[in-house]
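A quick write-up on the structure given underneath.
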Amino acid sequence: MAVRVIEVDPFDLIVFGATGDLAHRKLLPALYHRDLDGQIPDDARVIACSRRPMSDGEYRAFAREAVCEHVSDVEETALTRFLDRLRYLSVDAAGGDGWPDLTALLAGREGVVRAFYLAVSPDFFGSICARIGSEGLATDLSRIVIEKPIGKDGASARALNAAIGQVFREDQIFRIDHYLGKETVQNLMALRFANALFEPLWNAAHIDHVQITVAESLGVEGRAGYYDTAGAMRDMVQNHILQLLCLVAMEPPESMSADSVRDEKLKVLKALTPIGADLAPTRTVRGQYRAGASSGGAVRGYLEELDDPSSDTETFVAIKAEIANWRWAGVPFYLRTGKRLAARVSEIVVQFRPIPHSIFGEDVGHVDPNRLVIRLQPDEGVRMQVMIKDPGPGGMRLRQVPLDMSFAAAFKVRNPDAYERLLMDVIRGNQTLFMRRDEVEAAWAWVDPILEAWAAHKEPPKGYTSGTWGPSAAIALIERDRRTWFEDLI
Ligand code: BG6
């Protein structure tokens, strides 16, 4: 099947932190792919900035290595063309060095889209923005791209947003949540709003509960320094998980325009029932992985990896969330995420209510309620569990079977990485898949009281063995409601 590609306008993409991990793993491979597919016009440049002194040639060697490591079947001609676009400047984000060179390189290009991508620690967001402003580099066609974490709580997020807002208008600010760029996450909107089938059933009258699981089998890898200051709540729940919840729960937006979609997501965030010190002990679970096994090998516990036995940072969170509005009153949303779990899998499970009355006798088997399983990764697809009659003579016997649609099997195209879509949306100026300021702050407004309750209770996170599904308290959290985690995950 042919993939539709629309060339974007000419641009200068200025990447701060261009020698870092994000550029290596995600940005350079994504840009190469977009160039390969003909989406990047001839008159587009990528200006890589970082403190380290390097020549253009040395940076191109770094970029070549990045693309070759992360892309299979690299096409040499396309790669050479892509590398030719790259320029490198040694710029001190915090100090003054290198800024005149950047100004000189951008001079005369005020009429093309100018996107500043801050692939650096959030500590530098404010100072880089101020510098872009004072150097007069923020043109009308400029955009700024920032990655999470946007703050470590509501107050710091507001301060950061205000600092960026001094230089850039809200319609120029692109706050990335890379989950929104994932194909299957966008498919959630297609599933809900391009099919008449689901929407009439998408409410408390027909849905018993929803489960959102984002499980990782990896540990914190080389990011323990950052991770220990964040934990799973700030790293995953405040952004990725709440964004998924919003897409499942929001009202149909009037269009796909950025503000229509973001207005609806904001309403969901504001309708989340607050979890403060009174509810936190029964509605939330924090865990921390201990030594165990992952992918067949023995792995160390979080504290040993960190080399700090005193850390009480959580690597796992489970929450029973509720949305206080007409559509969702009484429907729990069970959320869980963690590192070093039994598998890498992200899934949304929509559990429908049982049929109101069975016409079948007890001997036909149990009539299981329908369940819609949206698999975000890996093996992206949608599965609907339905009841059918067991084939063959011998009377009526019922059985649950999946109506299965694997996207990989249905579409023989490469599944693009989230950053490919998001980077091109930045150039196009399409903010639908980016978080608006008020959304980020509303998400913190729900998360902050939970973090405060945990801090006040001073209870250490519950240990769980690496390679399992988290602490037993997470199982108890859902089983208290006579439900179970959907564990047909592998
Ligand atoms: C990042 C988190 O935002 O998302 C990481 O900081 C996490 O801790 C990652 O591993 C998960 O992303 P993905 O795309 O691999 O599911």
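The values are calculated or read from the model by the stated rules, or taken from the named source; none is laboratory data. Being a predicted model, the structure only gives us computed values, none of them experimental. Cβ: placed from backbone, ideal geometry, glycine included. Neighbour counts: every protein chain shown. Just the protein is used for accessible areas: all its heavy atoms, side chains included, with ligands, DNA and RNA removed. Shrake-Rupley method; radii C 1.70, N 1.55, O 1.52, S 1.80 Å.
Relative contact order, whole percent, for the stretch 237-299 stands at 21, derived from Cα pairs under 8 Å and 6 or more residues apart.
Do the sum for the chain: with -39,500 (n - 2.57) for every DSSP H run of n ≥ 4, divided by all residues, what is the mean residue ellipticity at 222 nm, to the nearest 500 deg cm²/dmol?
-9500 deg cm²/dmol
For a modelled paramagnetic label at Ala343, 7 Å from Cα along Cα-to-Cβ, the residues of the stretch 449-490 in reach, with backbone nitrogen under 15 Å, are 467-470, 485-490. Averaging the sequence gap over all C-alpha pairs within less than 8 Å and six or more residues apart, then dividing by the number of residues, gives the chain a relative contact order of 18 percent.
Partners of Lys339 within straight-line reach, counting lysines whose Cα lies under 17 Å from its Cα and excluding those fewer than 8 residues away in the same chain: Lys462.
About the centre of its Cα atoms, the stretch 153-304 shows a dipole size close to 340 debye [charges on the beta carbon of Lys, Arg (+1) and Asp, Glu (-1) only; nearest 20 debye]. How large a share of the accessible area of the chain, in percent, is made up of carbon and sulfur atoms when the probe is 1.4 Å and the other protein chains stay in place? The computed percentage sits at 53. With R₀ set to 22 Å, the beta-carbon distance separating Tyr226 from Asp92 gives a calculated FRET efficiency near 0.55. Which of the chymotrypsin sites (Phe, Trp or Tyr not before Pro) found in the stretch 257-362 are loop residues per DSSP with 11 or fewer other Cβ atoms within 10 Å of their Cβ? Those satisfying the criteria are Trp326. Remind me, relative contact order of the stretch 339-490 in percent, using alpha carbon pairs under 8 angstrom and six or more residues apart? Result for the stretch 339-490 is 21 percent. Over 32 Å apart at the Cα level, from the set Lys152/Lys267; Lys148/Lys270; Lys26/Lys458; Lys26/Lys265; Lys182/Lys320; Lys270/Lys458, are Lys26/Lys458. Protein heavy-atom accessible surface, 1.4 Å probe, per residue over the stretch 85-138: 38 Å².
Surface exposure of the stretch 335-471, expressed per residue as accessible area with a 1.4 Å probe, stands at 47 Å². So how strong a dipole does the chain carry about its Cα centre when Lys and Arg Cβ are +1 and Asp and Glu Cβ are -1, to the nearest 20 debye? Magnitude of the dipole: close to 860 debye. Neighbours of Ser156, meaning other residues whose beta-carbon lies under 12 angstrom from its beta-carbon, give a summed charge of -1 when Lys and Arg score +1 and Asp and Glu score -1. Enumerate the residues in the stretch 118-141 having an amide nitrogen under 15 Å from the point lying 7 Å beyond the Cα of Arg109 toward its Cβ. Residues 137-141 qualify, since their backbone N sits under 15 Å from the label point.
Report the gain in length on full extension from Asp153 to Ser55: 0.36 nm times residue separation, minus Cα-Cα distance, nm rounded to one decimal. Let's see the in-between values first.
Numbers: separation 98, 0.36 × 98 = 35.28 nm, distance 3.92 nm.
Here the segment from Asp153 to Ser55 would lengthen by 31.4 nm.
Note on the chain: Rg/Rh from C-alpha atoms, Kirkwood Rh, equals 0.99.
What is the sum of charges, Lys and Arg at +1 and Asp and Glu at -1, for the other residues whose Cβ falls under 15 Å from the Cβ of Asp363?
Details: positive: Lys389, Arg397, Arg399; negative: Glu362, Asp390.
In short, +1.
Per residue, the accessible area of the stretch 171-267 comes to 33 Å² when a 1.4 Å probe rolls over the protein heavy atoms.
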